[in-house]
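The values are calculated or read from the model by the stated rules, or taken from the named source; none is laboratory data. Note that this is a predicted model, so its numbers are computed, not measured. All Cβ positions, glycine included, derive from the backbone under ideal geometry; neighbour counts span all protein chains shown. Remember, those area values only see protein heavy atoms, side chains included, never the ligands or the DNA or RNA. Shrake-Rupley method; radii C 1.70, N 1.55, O 1.52, S 1.80 Å.
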Amino acid sequence: KLFKLLKKNFFILFLFIYFIINLIIIYFTPLVKWDESVYIGIGKYIYSLGKVGLYESFRPSLLPLFLGFVWKIGLGKVFFYRLVILLFSIGNLIVFYNVCKNYFNSKISFLSTILLSVLPIYLIYSTKVMTGIVASFFILLSFYYYQKEQNNLVMFFSGLAIITRF
């Protein structure tokens, strides 16, 4: 019975394994790079009204809003900032799978999603506090709703993608 359930929900099992592997990567890479620290600092600056952090006006503002909220609720550790990006990465894989299902069958969509998830550039940036994964999530959502011909949501998620990454 468990084997039948796993066979039907193999995509969910894959996402769970992907999540666990990336949690391990996040746990063992506690250092942040310069750009990551800038986005975290902008989020702190926004939510503290300028008392903490720094602000760079040429950086996009949506990701720092998410990160600042995480800091404001008391989860201001690098692990939690990267967890936010990891959740966007998993959302990205789910939306990518659903977009592919509109063109191919579920097996090819699943294989395409696996190939996306193991691309080195995707794997590296799915645990970094950068705008690429978040912007691609909103772009894919925009494309998904374009396929469904829901133009208001297309415009909304396209706008979020622009705010996330100029």
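Worth pointing out:
- Stretch gain in nm, segment LYS72-ASN102, where the contour uses 0.36 nm per residue and the Cα spacing is subtracted: 6.8 nm
- 1.4 Å probe accessible area per residue over segment 19-132, in Å²: 55
- For segment 40-121, a simple Cβ point-charge model (Lys and Arg +1, Asp and Glu -1, everything else neutral) yields a dipole of about 160 debye relative to the Cα centre.
- A Cβ-based charge dipole, computed about the Cα centre of the chain with Lys and Arg at +1 and Asp and Glu at -1, lands at about 540 debye.
- Relative intensity, log₁₀ I(q)/I(0), of segment 96-152 from a Debye sum that treats every alpha carbon as a point, q = 0.15, 0.20 Å⁻¹: -0.50, -0.82
- Working note: Cα gyration tensor of the chain, eigenvalues times five, square-rooted, sorted largest first, giving semi-axes of 30, 21, 12 Å.
- q = 0.20, 0.21 Å⁻¹, segment 23-92: log10 I(q)/I(0) [Debye, one scatterer per Cα]: -0.80, -0.87
- Shape of segment 68-166, Cα gyration tensor, a/c cut at 1.5: oblate
- Extreme residue, positive dipole direction of the chain, given options CYS100, ILE40, PHE16 (C-beta unit charges): PHE16
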